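Novice: For reference, the structure I am asking about is given below.
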Amino acid sequence: MKKLIISSVSVFMFASSLSAYTVANSFEYPVYNSQNWVVAQDFQDCRKAAVPRGITRCRHLGEDLNYFDGSDYRNAGQPVKAIANGYVVASGKRKGFAGYIILKHYLDPNNASNYVLSIYAHVSTVNLPQKGTFFQKGEQLTSIATKYEMEEWTNFAPHLHFEIRKSKSITGYQDTYLNDGYMSDRNHFYYDPTDIRTIDWNSGQWLNRDENPQKGFIESHKTIQPIGQTISRGKALKLILDKFKISTKNNGFNPSIFGQGIIVPNDVSPSTPYYNYIVTAYNRGIVKGDNGQFKVNDKATLATFLIMVVNAIPIPKDNPNYKEFYNGADHWAYKYIKTAYNAGLIDNKQYDFDKGITEKMANDILNRAYNYFLGPKSGISIYARWNKKYADIDLYLFSPYDGYQSIEYNSKYVVTNIGDLRQDDGIVYWHKHSSNWGANLDYDSWGGNAQQPWAGFGEERVTVDSSMVRRPGKYSIILCYYDWNKDINPDSAVVEWWGINGGRNINVGHKNFKTLIKKGQCQYVGTLNTYKN
């Protein structure tokens, strides 16, 4: 593993230096809600009125897209998205354009010279993406420039100028080449981008896409992944995180504010496909690298997909009441297979767990997993989070059935025998759990500790098997604030904590509780009561 420090200086790897790349299997429009957009100036538009002064007619290399009724200033700030999976080959500011971005879209997984380029101009000059950055189809690239940006860089009103150009092997142009938007295309180096409705200048009426006799590039490349085609490990992670709404923003962290350090597999860089999903999943314990590598483009097998899903929810793996799954008992991932079977993710039938999984099968499993997540069989999760620089909080849950110690605390509920409890079979925390009551843990410590002394916030979660913890009883919740570095730790931290079962807050009043904890102390803060009312 290598440690990648995300700071104000970003590290990028140019796409062509990668041994593999993500192919653009399908394309979509560069704007959201395309039915609300019109082409104000079409590809190779020959209208005299449409051509700027001094420019020869019939030379428009793309389309000028306007929002809804064509009024220019409704365009400003409208989001612009990637038409397909692609890599940034150039971006910047230019007179006559304001901001611009060029994306490269590979069309053949075995031939890197087979690609197209999409060009977006008159976009915002703020936060332009860096060369080598990967964008997924439909992901927002930027937005249309504001009136003030356009006035600074060009005489045009806000709109999106959009082009699709063929590869260098056909045109002879460098991928970074950018013209001024007007040039004869007698060599057919450019595609007619879309069939978004435009004007019929003979009748003066708008033409809908279905009425336009031509067929734009986007319309002719709206392909769907072939049935039976397997998905990659990277795509598998995207499906899982999106299904359970696990945010990938800033890889689960906030480096722009906190300057946090993260651990990533050594074959992953910011230009790697699904980078945010991989890093988020890795740092949340959903997936681990194989000998330091994630292998994003390798096929996702049924076994590896089940492991990812079980870790993402998470589903407890240690319930002694689980039924055996006889058809896979000798498989290396049997513990996860058995867990998935008991959670209803798969049926008790013959599977080839080492075979690649299709997107359809993956979504079927995720729908079952989501029903489990929101259902009565899901685990009970206790969360704790805080927002204090260099505070290091630990979360513990204590079972009255499995422990031989009793919690001792003073009048202020400060636990006085935490050292003894930590050796007890009844206590559960981030690296110690008692399998005989089915605990499963997912440890997310973001607040800073001896190994990761960043300044920020923190969160921890303990998830326990609901069928075991629901034995009538009271399960004590303990929060500890250890002073691993007395010089920089704050004197106290306010910790917010709550319980979740079946997607529902199970605190009294369904509200989160807050507790002030002093440095160096452990606090008994509350109880998970599983007695029936």
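Novice: Set the Förster distance to 22 Å, then compute FRET efficiency between Ser492 and Ser406 from the Cβ-Cβ distance, nearest 0.05.
Specialist: Values: r = 27 Å, r/R0 = 1.21.
Result of the calculation: an efficiency of 0.25.
Novice: Provide the gained length on full extension for the span Lys166 to Val508, in nm with one decimal, where the gain is 0.36 nm per separating residue minus the Cα-Cα distance.
Specialist: Extra length from Lys166 to Val508 when fully extended: 117.0 nm.
Novice: Let me ask something additional. List the pairs from Lys235/Lys474; Lys323/Lys360; Lys338/Lys388; Lys166/Lys235; Lys147/Lys243; Lys147/Lys245 whose alpha-carbon separation is above 32 Å, in the order I gave them. Present the calculation step by step, with values, prior to reporting the outcome.
Specialist: Working: Lys235/Lys474 42 Å; Lys323/Lys360 27 Å; Lys338/Lys388 40 Å; Lys166/Lys235 27 Å; Lys147/Lys243 38 Å; Lys147/Lys245 35 Å.
Among Lys235/Lys474; Lys323/Lys360; Lys338/Lys388; Lys166/Lys235; Lys147/Lys243; Lys147/Lys245, the Cα-Cα distance tops 32 Å for Lys235/Lys474; Lys338/Lys388; Lys147/Lys243; Lys147/Lys245.
Novice: Defining a contact as two alpha carbons under 8 Å apart and six or more residues distant in sequence, what relative contact order in percent does region 300-356 show? Before the final figure, lay out each step's value.
Specialist: On the way: 54 pairs, mean separation 28.0, N = 57.
This gives 49 percent for region 300-356.
Novice: Might you report the magnitude of the Cβ-based charge dipole of region 63-157 about its Cα centre, with Lys and Arg at +1 and Asp and Glu at -1, to the nearest 20 debye?
Specialist: Here the size comes out at about 300 debye.
Novice: I'd like the FRET efficiency for Ser220 and Val126, computed as 1/(1 + (r/R0)^6) with the beta carbon distance as r and R0 of 41 Å, rounded to 0.05.
Specialist: Computed FRET efficiency for Ser220 and Val126 comes out at 0.75.
Novice: Here's something else I'd like to know. Would you work out the relative contact order for region 321-419, in percent, from Cα pairs under 8 angstrom that are 6 or more residues apart? Present the calculation step by step, with values, prior to reporting the outcome.
Specialist: Values: 46 pairs, mean separation 15.9, N = 99.
It rounds to 16 percent for region 321-419.
Novice: How do Phe373, Phe305 rank by accessible surface area computed with a 1.4 Å probe, from largest to smallest?
Specialist: Numbers: Phe373 65, Phe305 0 Å².
Descending order: Phe373, Phe305.
Novice: So, taking all protein chains as they sit and a 1.4 Å probe, how much accessible area belongs to Ile477, in Å² rounded to tens?
Specialist: 10
Novice: For Phe27, what accessible surface area do you get with a 1.4 Å probe? Give it in Å², rounded to 10.
Specialist: 10
Novice: Just subtract the alpha-carbon distance of Glu324 and Gln229 from 0.36 nm times their residue separation and send over the number in nm, one decimal.
Specialist: On the way: separation 95, 0.36 × 95 = 34.20 nm, distance 3.07 nm.
Computed gain between Glu324 and Gln229 is 31.1 nm.
Novice: Of all alpha-carbon pairs in region 310-426, indicate the percentage at a distance above 20 angstrom. Walk me through the numbers on the way to the answer.
Specialist: Values: 4060 of 6786 pairs.
Above the 20 Å cut-off, region 310-426 has 60 percent of its Cα pairs.
Novice: Oh, and also: On full extension of the chain, what length is gained from Ser34 through Asp352, given 0.36 nm per residue of separation minus the C-alpha to C-alpha distance?
Specialist: Working: separation 318, 0.36 × 318 = 114.48 nm, distance 4.21 nm.
Result for the pair: 110.3 nm of gain on full extension.
Novice: About the Cα centre, and with charges only on the beta carbon of Lys, Arg (+1) and Asp, Glu (-1), how big is the dipole of region 298-416? Nearest 20 debye, please. Please report the intermediate quantities before stating the final value.
Specialist: On the way: 14 positive and 13 negative charges, 75 e Å.
Rounded to the nearest 20 debye, it is 360 debye.
The values are calculated or read from the model by the stated rules, or taken from the named source; none is laboratory data. Being a predicted model, the structure only gives us computed values, none of them experimental. When we count neighbours, we look across all protein chains shown, and the Cβ atoms used for this are built from the backbone with ideal geometry, even at glycine. Please note that ligands, DNA and RNA were not included when accessible areas were found on the heavy atoms of the full protein model with its side chains. Shrake-Rupley method; radii C 1.70, N 1.55, O 1.52, S 1.80 Å.
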